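K.L.:
Structure in structure tokens, see below.
The values are calculated or read from the model by the stated rules, or taken from the named source; none is laboratory data. Note that the structure is predicted; figures quoted are calculated from it, not measured. Using ideal geometry, Cβ is built from the backbone for each residue, glycine included, and neighbour counts are taken over all protein chains shown. For accessibility, only protein heavy atoms count, side chains too; no ligands or nucleic acids. Shrake-Rupley method; radii C 1.70, N 1.55, O 1.52, S 1.80 Å.
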Amino acid sequence: SGAGRPALGLGSCHPGAALLSVDLDYRAAGWHAAGSLVRQGHERIGLVIPDQPLAGDLACRDGFMDFVARRAVTMIELKVAGDIRTLRAKLDRLLASRRLPTALLSMRPAYSLALLTQVLGAGLRIPPDLSLISRDTHPLLDAALPDLTRYSSPSSSLATKAVRMTEALL
């Protein structure tokens, strides 16, 4: 709280931040995504993350990495700096390599859309050639073909939680 006033943050906080906040459990989402991919037999998984990740991105990556650390899984981290063109260039190199991952977890809906179009444009199928999970959703992804696996939470449930926590602070 600032100046002795109660405060509530909407969104994830970095570890050690002394601020009450409301957000999705991105660590659990990362753990779940890794578990789902490993159970499906994926042994080479790419994680597409911004080069300047937000607290939720870091929590998701940590949950993902904690799960795969105890498994025979090779991780490829694609850090995206700047715009989508950077991601496309990195993905072009990855798609041309012999060490193509069999699955990708994307931290942003825009990344997911770029990955989907580029992978399909390269003649690969989602799935069975490459699995793609989007950590977040967006209305544009609702219309994507093939239908993308993605995490979503009704905003009403987060809003209800935020209102209850705010009422408790007051």
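K.L.:
Considering only segment 109-131, I want to know if a residue exists there that is part of a strand (DSSP E or B), of a type outside the set (Gly, Ala, Ser) and buried (at least 17 other Cβ atoms within 10 Å of the Cβ). Working first, answer last.
P.N.:
Step one: of segment 109-131, the residues part of a strand (DSSP E or B) are 131.
Subset that is of a type outside the set (Gly, Ala, Ser): none.
Among the residues of segment 109-131, not one is part of a strand (DSSP E or B), of a type outside the set (Gly, Ala, Ser) and buried (at least 17 other Cβ atoms within 10 Å of the Cβ), which makes the answer no.
K.L.:
Could you please let me know if Leu169 is modelled with pLDDT under 90, in contact with a Pro (Cβ under 7 Å, 6 or more places away or on another chain) and closer than 30 Å to Arg5 by Cβ?
P.N.:
Values: modelled with pLDDT under 90: yes; in contact with a Pro (Cβ under 7 Å, 6 or more places away or on another chain): yes; closer than 30 Å to Arg5 by Cβ: yes.
So Leu169 fits the description; yes.
K.L.:
Would you confirm, using the coordinates I've provided, whether Arg99 is in a loop (DSSP other than H, G, I, E, B) and surrounded by fewer than 19 Cβ atoms within 10 Å (Cβ to Cβ)?
P.N.:
Details: in a loop (DSSP other than H, G, I, E, B): yes; surrounded by fewer than 19 Cβ atoms within 10 Å (Cβ to Cβ): yes.
It is true that Arg99 is in a loop (DSSP other than H, G, I, E, B) and surrounded by fewer than 19 Cβ atoms within 10 Å (Cβ to Cβ).
K.L.:
I want to confirm something. Restricting to segment 48-65 and keeping residues that are among the aliphatic types (A, V, I, L, M) and either free of Cβ contacts under 8 Å to residues at least 24 places away in the same chain or open to solvent by 40 Å² or more (accessible area, probe 1.4 Å) (or both), which single residue is farthest from Leu113 (Cα to Cα)?
P.N.:
Met65
K.L.:
Which residues, counting only those in segment 132-164, are part of a helix (DSSP H, G or I) and surrounded by 16 or more Cβ atoms within 10 Å (Cβ to Cβ)?
P.N.:
In the first step, residues of segment 132-164 are kept if they are part of a helix (DSSP H, G or I); the result is 139-142, 155-164.
Of everything in segment 132-164, those that are part of a helix (DSSP H, G or I) and surrounded by 16 or more Cβ atoms within 10 Å (Cβ to Cβ) turn out to be Leu141, Ala162.
K.L.:
Then there is this: Among Ala28, Ala34, which is the only one that is touching a residue at least 12 places away in the same chain (Cβ under 8 Å), under 19 Å from Leu100 (Cα atoms) and open to solvent by less than 70 Å² (accessible area, probe 1.4 Å)? Reasoning before the result, please.
P.N.:
Values: Ala28 fails: under 19 Å from Leu100 (Cα atoms).
Answer to the check: Ala34.
K.L.:
Determine, yes or no, whether Leu24 is assigned to a loop (DSSP other than H, G, I, E, B) and closer than 25 Å to Thr149 by Cα.
P.N.:
Criteria met by Leu24.
K.L.:
In addition: Restricting the first residue to segment 150-169 and requiring it to be closer than 14 Å to Gly9 by Cβ, which pairs with a second residue that is aliphatic (A, V, I, L, M) and not in a loop (DSSP other than H, G, I, E, B) meet a Cβ separation below 7 Å and a spacing of at least six or different chains?
P.N.:
Leu158/Val22; Lys161/Val22; Ala162/Leu10; Ala162/Val22; Met165/Val22
K.L.:
Kindly evaluate Ala89 against the criterion of being under 23 Å from Pro127 (Cα atoms) and either open to solvent by less than 10 Å² (accessible area, probe 1.4 Å) or assigned to a helix (DSSP H, G or I) (or both).
P.N.:
Working: under 23 Å from Pro127 (Cα atoms): yes; either open to solvent by less than 10 Å² (accessible area, probe 1.4 Å) or assigned to a helix (DSSP H, G or I) (or both): yes.
For Ala89, the condition - under 23 Å from Pro127 (Cα atoms) and either open to solvent by less than 10 Å² (accessible area, probe 1.4 Å) or assigned to a helix (DSSP H, G or I) (or both) - is met.
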